[in-house]
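Chemist: Structure incoming, see below.
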Amino acid sequence: MESRFINRELSWIEFNARVLHQGLRKDIPILERLQFLSIVTSNFDEFFQVRVAAVKRMLDSAPESTDVSGLTPSVLLKSISARAHQIIYEQQNCLMTDVLPALAEKGLEYISPICYTEIQSEYVQNYFKTAIYPLLTPLRTDTETFPHIKNLSVYAAFLLRPIAGIQSVSSELTGSDNQPRIALVEIPEGIPNLIWLPTNQRKTKTFALLSDVISAYGTSLFPGFAVEESLLFKVVRDADFAVDEDSGNNFIHAMEDVLIQRKTSFPVQITCNGTSEKILKMLKEKLELFDDDVYKIRSGIINPGVLMELRELDGSEKLSFDKWDHFYPADLPEDEPYWDTLKVRDKILHVPYESYDPVVKFLSDAAKDPDVLTIKMTLYRTGRDSPIISALEEAAQNGKQVIVLVELKARFDEERNIARAYELEQAGVTVIYGLVNLKVHAKILMVIRRESDTIRRYVHLSTGNYNTKTARLYSDLSLFTANPEIANDATEFFNLVTGYSTLQPMKYLRMAPVTLKNQLLSMINREIERSTPEQPGLIIAKMNSLTHEEVIEALYKASQSGVKVMLNIRGICMLVPGVKGLSENIEVVSIVDRYLEHSRIFYFQNAGAPELYCSSADWMSRNLDRRIELMFPILDKAAFKEIKTILDTYFEDNTNSMKLLPNGSWAEIENEEKPGRVQAQSKLYKKYKDRNSKKAKSVESQFEVRRK
């Protein structure tokens, strides 16, 4: 590869290809395969809203510019379109010829309108009239202003022709000619996407799709017209908006304006079932889209995610992964606060293998404890009905000082975070609305407690959000500690982000965009300086994405100096590994499995005095240069050993892991040195399951009853 960097957008697309790869695997339960196929679509939706929209704007503003990989905007858009079309074709082919037939074999059969039996057709028509028709609003397209197409909503379009001799509406509205017209109907939300059909087969449940039914029976919406053709489609619009950081006290209103703009921004992509070229031609003209922006699919299943309603059926667990429990940590008390435990040692929490309950308990105990004086916290994404929010509100109502920094600029969670901020303020919480020009992405919680004649601080630091729902799906690590020096650093951090303060020296915590990147570069250079042919340096890192050019160049230099670099990167990787004279000592692998890999772990061998860190930050420009992030060391020996073992496990995987090649493609790993298959997530789950079993046996032995 000529360039020293892989293009960011093309690297991301290859991540989505790895997600698709899981959907293609026949050794995975069928509903899990369907889940991966639906994730491909939702991933692409966000990608087109943000990344492709940005490239299109660059095409208008600087068409001759090139990125670090040497591509101009026009060449990049062509490359994106070609690869994305290929992936979506494979996704649809798998859905229609493999996954749906496999579901039918399991007794869940999708029926398209042309295959309805007479009884099913009568049932659907009646259902349409009573449960769907009242919710529909047909929109004309021959008006002066073309109807607004909502971002990510699915529509049915109809090509209509007046029926000769019938004049059901005034000629002023329809015209007196016999020319065809096109009408649009938005597929309503809030009602089930799956419509269960009557069937004579005892062991089979058959279902239709809401969008299919509207497309098939929409004729009744247009009395006096015949439907000649129809088309189902979805439009993706630009969502890459920045809030006006100078809006002062009207910052929330500025954020609300961004949400409105997102709904009405310029179209970027259209997905359709390709059944009407006439309708498609009109949509392309009105939306100013080109052929490369059009993605035709074989069915009317525009969003495969609607099929995930199948998970709600009784017995669906048989078609899914075996259930994995979320174990309460063996070394944390369940019936008393953690204060005394944390005075003795630090505690690592590894979700979702371990339960997220300790984080909720830590905050809830603080809210109720009369000796707790203050709680300080950052919030980025919290989820709906959050017990975290409830605990913060309870603490404020109990008279404690509660300060929460809510990041309103968390993309696609802005509306929820605005609502959370209002709710917290009403409960008496002091809410800080982020920082000007910098997203606060750090995950930190500090509890300040009066103990005897002193004040003690307890700190929680995490690689993931304070979100109880994603904590059951995302793999993340967090640290509970009462280390007074880390607590001092945490105090300085909160003083900086909530008030007016210059950055004070921190002993252990490193904060972006001020000290974190420099610390990383310093540790990479230290590894170079201390590396020898007899004892080569070693860097092992796990993260979501690697795009920072300065960090990549430092890793290249490390490789050229004999340092071994092992990277586990879930998503984007712009570094080119395995190139002689440049990166021959760098290996990049990626794992896509049942849990989303989200933790960031960095290990530096340091000539026999190894250091280990966790962080909220990936090695990306946005994280290291334009966000408030934290990196924290693992100082406790037992915690160090625990996380290093976790990190090593990810590099043993030869089942769900793929290796990045110098040409930017990914290949499945074949590990001939170790017989048998190793699946990192399964191995980790077994470890925590065994630990929980030992804990249960220990508890049982304490209550052994002696009998005669």
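Chemist: Here is a list of conditions, (1) of a type in the set (Ser, Thr, Tyr); (2) over 19 Å from ILE444 (Cα atoms); (3) surrounded by 20 or more Cβ atoms within 10 Å (Cβ to Cβ), and THR341 meets all of them except one; can you say which number that is?
Modeler: In the conditions (1) of a type in the set (Ser, Thr, Tyr); (2) over 19 Å from ILE444 (Cα atoms); (3) surrounded by 20 or more Cβ atoms within 10 Å (Cβ to Cβ), THR341 misses (3) alone.
Chemist: Looking only at the stretch 394-404, how many residues end up being in contact with a Gly (Cβ under 7 Å, 6 or more places away or on another chain) and open to solvent by 60 Å² or more (accessible area, probe 1.4 Å)?
Modeler: Looking only at that region, the number is 1.
Condition check ((1) open to solvent by 30 Å² or more (accessible area, probe 1.4 Å); (2) free of Cβ contacts under 8 Å to residues at least 24 places away in the same chain; (3) in a helix (DSSP H, G or I)) across all residues:
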position: GLU109; (1), (2), (3): yes, no, no
position: ILE114; (1), (2), (3): yes, yes, yes
position: GLU122; (1), (2), (3): yes, yes, yes
position: ASN126; (1), (2), (3): yes, yes, yes
position: THR130; (1), (2), (3): yes, yes, yes
position: PRO134; (1), (2), (3): yes, yes, yes
position: THR143; (1), (2), (3): yes, yes, no
position: LYS150; (1), (2), (3): yes, no, no
position: ALA156; (1), (2), (3): no, no, no
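Chemist: Still on this structure: Do we have SER559 as surrounded by 22 or more Cβ atoms within 10 Å (Cβ to Cβ) and either out of contact with any Cys (no Cβ under 8 Å at 6 or more places or on another chain) or under 28 Å from ILE28 (Cα atoms) (or both) here?
Modeler: So SER559 fits the description; yes.
Chemist: State whether one or more residues within the stretch 15-31 are among the small types (Gly, Ala, Ser), closer than 21 Å to MET658 by Cβ and in a helix (DSSP H, G or I).
Modeler: Looking through the stretch 15-31, at least one residue is among the small types (Gly, Ala, Ser), closer than 21 Å to MET658 by Cβ and in a helix (DSSP H, G or I).
Chemist: Follow-up question, since we're still on this one. It is to be established whether one or more residues within the stretch 37-49 are touching a Cys at 6+ places or on another chain (Cβ under 8 Å), crowded, with 21+ Cβ neighbours inside 10 Å and assigned to a helix (DSSP H, G or I).
Modeler: Yes.
Chemist: Out of all the residues in the stretch 684-701, is one or more under 28 Å from ARG8 (Cα atoms), small (Gly, Ala, Ser) and either modelled with pLDDT under 55 or part of a helix (DSSP H, G or I) (or both)?
Modeler: No, because not a single residue in the stretch 684-701 is under 28 Å from ARG8 (Cα atoms), small (Gly, Ala, Ser) and either modelled with pLDDT under 55 or part of a helix (DSSP H, G or I) (or both).
Chemist: Quick check on the stretch 189-204: of everything there that is within 12 Å of ILE111 (Cα to Cα) and open to solvent by 40 Å² or more (accessible area, probe 1.4 Å), which residue is modelled with the lowest pLDDT?
Modeler: Result: THR199.
Chemist: Can you tell me which of (1) at pLDDT 95 or above; (2) of a type outside the set (D, E, K, R); (3) touching a helix residue (DSSP H, G or I) at 6+ places or on another chain (Cβ under 7 Å) is the one PHE207 doesn't meet?
Modeler: (3)
Chemist: Being of a type in the set (A, V, I, L, M), in a loop (DSSP other than H, G, I, E, B) and in contact (Cβ under 8 Å) with a residue 60 or more places away in the chain is the filter here, so list the residues in the stretch 308-341 that pass it.
Modeler: Result: LEU313, ALA330.
Chemist: Just to be sure I understand, how many residues within the stretch 279-292 are open to solvent by 20 Å² or more (accessible area, probe 1.4 Å) and either in a helix (DSSP H, G or I) or touching a residue at least 24 places away in the same chain (Cβ under 8 Å) (or both)?
Modeler: Of the residues in the stretch 279-292, 7 are open to solvent by 20 Å² or more (accessible area, probe 1.4 Å) and either in a helix (DSSP H, G or I) or touching a residue at least 24 places away in the same chain (Cβ under 8 Å) (or both).
Chemist: Limited to the stretch 91-107, what total is found for residues that are in contact with a strand residue (DSSP E or B) (Cβ under 8 Å, 6 or more places away or on another chain), surrounded by fewer than 16 Cβ atoms within 10 Å (Cβ to Cβ) and in a helix (DSSP H, G or I)?
Modeler: Here the count works out to 1.
Chemist: Okay, next question. When you scan the stretch 508-525, how many residues do you find that are open to solvent by 10 Å² or more (accessible area, probe 1.4 Å) and either touching a strand residue (DSSP E or B) at 6+ places or on another chain (Cβ under 8 Å) or farther than 22 Å from PRO484 by Cβ (or both)?
Modeler: 10
Chemist: For the stretch 66-76, enumerate the residues that are open to solvent by less than 60 Å² (accessible area, probe 1.4 Å) and farther than 19 Å from THR547 by Cα.
Modeler: Once the filter is applied, which keeps residues that are open to solvent by less than 60 Å² (accessible area, probe 1.4 Å) and farther than 19 Å from THR547 by Cα, the stretch 66-76 yields only SER74.
Chemist: Of all residues being of a type in the set (Asp, Glu) and assigned to a strand (DSSP E or B) in the stretch 219-240, which is least open to solvent (accessible area, probe 1.4 Å)? Just the residue, please.
Modeler: GLU229
Chemist: Additional query: Restricting to the stretch 614-641, give me the number of residues that are closer than 14 Å to THR481 by Cβ and not basic (Lys, Arg).
Modeler: Total meeting the criteria: 10.
Chemist: Restricting attention to the stretch 615-632, report how many residues are outside any loop (DSSP other than H, G, I, E, B) and open to solvent by 10 Å² or more (accessible area, probe 1.4 Å).
Modeler: The qualifying residues number 4.
Chemist: Would you confirm whether or not the stretch 378-389 contains a residue that is in contact with a strand residue (DSSP E or B) (Cβ under 8 Å, 6 or more places away or on another chain) and either free of Cβ contacts under 8 Å to residues at least 40 places away in the same chain or under 30 Å from LEU194 (Cβ atoms) (or both)?
Modeler: no
Chemist: Anything in the stretch 356-393 that is small (Gly, Ala, Ser) and open to solvent by 10 Å² or more (accessible area, probe 1.4 Å)? List them, or say none.
Modeler: The answer is SER364, SER390.
Chemist: Those residues that are free of Cβ contacts under 8 Å to residues at least 40 places away in the same chain and buried (at least 18 other Cβ atoms within 10 Å of the Cβ), I need them from the stretch 586-612; list them, please.
Modeler: Selection gives ILE586, LEU612.
Chemist: So which residues in the stretch 292-315 are aliphatic (A, V, I, L, M) and farther than 19 Å from LYS205 by Cβ, if there are any at all?
Modeler: Result: VAL294, ILE297, ILE302.
Chemist: Let me ask you something else. Can you say whether GLN22 is within 16 Å of GLY305 (Cα to Cα) and polar (S, T, N, Q), as far as the supplied structure shows?
Modeler: yes
Chemist: Oh, and also: Among (1) touching a Ser or Thr at 6+ places or on another chain (Cβ under 7 Å); (2) in a helix (DSSP H, G or I); (3) of a type outside the set (Phe, Trp, Tyr); (4) open to solvent by less than 30 Å² (accessible area, probe 1.4 Å), where does GLY305 come up short?
Modeler: With respect to (1) touching a Ser or Thr at 6+ places or on another chain (Cβ under 7 Å); (2) in a helix (DSSP H, G or I); (3) of a type outside the set (Phe, Trp, Tyr); (4) open to solvent by less than 30 Å² (accessible area, probe 1.4 Å), GLY305 is out only on (4).
Chemist: Can you list residue pairs whose Cβ atoms sit under 7 Å apart, with the first residue in the stretch 94-106 being basic (Lys, Arg) and the second being in a helix (DSSP H, G or I) and open to solvent by less than 20 Å² (accessible area, probe 1.4 Å)? Count only pairs 6 or more apart in sequence or on different chains.
Modeler: Pairs that qualify, where the first residue is basic (Lys, Arg) and the partner is in a helix (DSSP H, G or I) and open to solvent by less than 20 Å² (accessible area, probe 1.4 Å), are LYS106/ILE30.
Chemist: When the residues of the stretch 419-459 are narrowed to those that are modelled with pLDDT under 85 and farther than 29 Å from LEU516 by Cα, which ends up least open to solvent (accessible area, probe 1.4 Å)?
Modeler: Per the stated criteria, the residue is ARG420.
Chemist: What residue, of LEU496, LEU405, LEU435, is free of Cβ contacts under 8 Å to residues at least 40 places away in the same chain and either of a type in the set (Gly, Ala, Ser) or more than 30 Å from ASP331 (Cα to Cα) (or both)?
Modeler: Only one candidate passes the filter, namely LEU496.
Chemist: Scan the stretch 396-446 for residues that are of a type in the set (Ser, Thr, Tyr) and under 23 Å from ARG622 (Cα atoms) and jot them down.
Modeler: TYR433
The values are calculated or read from the model by the stated rules, or taken from the named source; none is laboratory data. All of these numbers come straight from a predicted model, not from anything done at the bench. Cβ: placed from backbone, ideal geometry, glycine included. Neighbour counts: every protein chain shown. The protein model used for the area step is the full one, side chains on, heavy atoms only, and it has no ligands, DNA or RNA in it. Shrake-Rupley method; radii C 1.70, N 1.55, O 1.52, S 1.80 Å.
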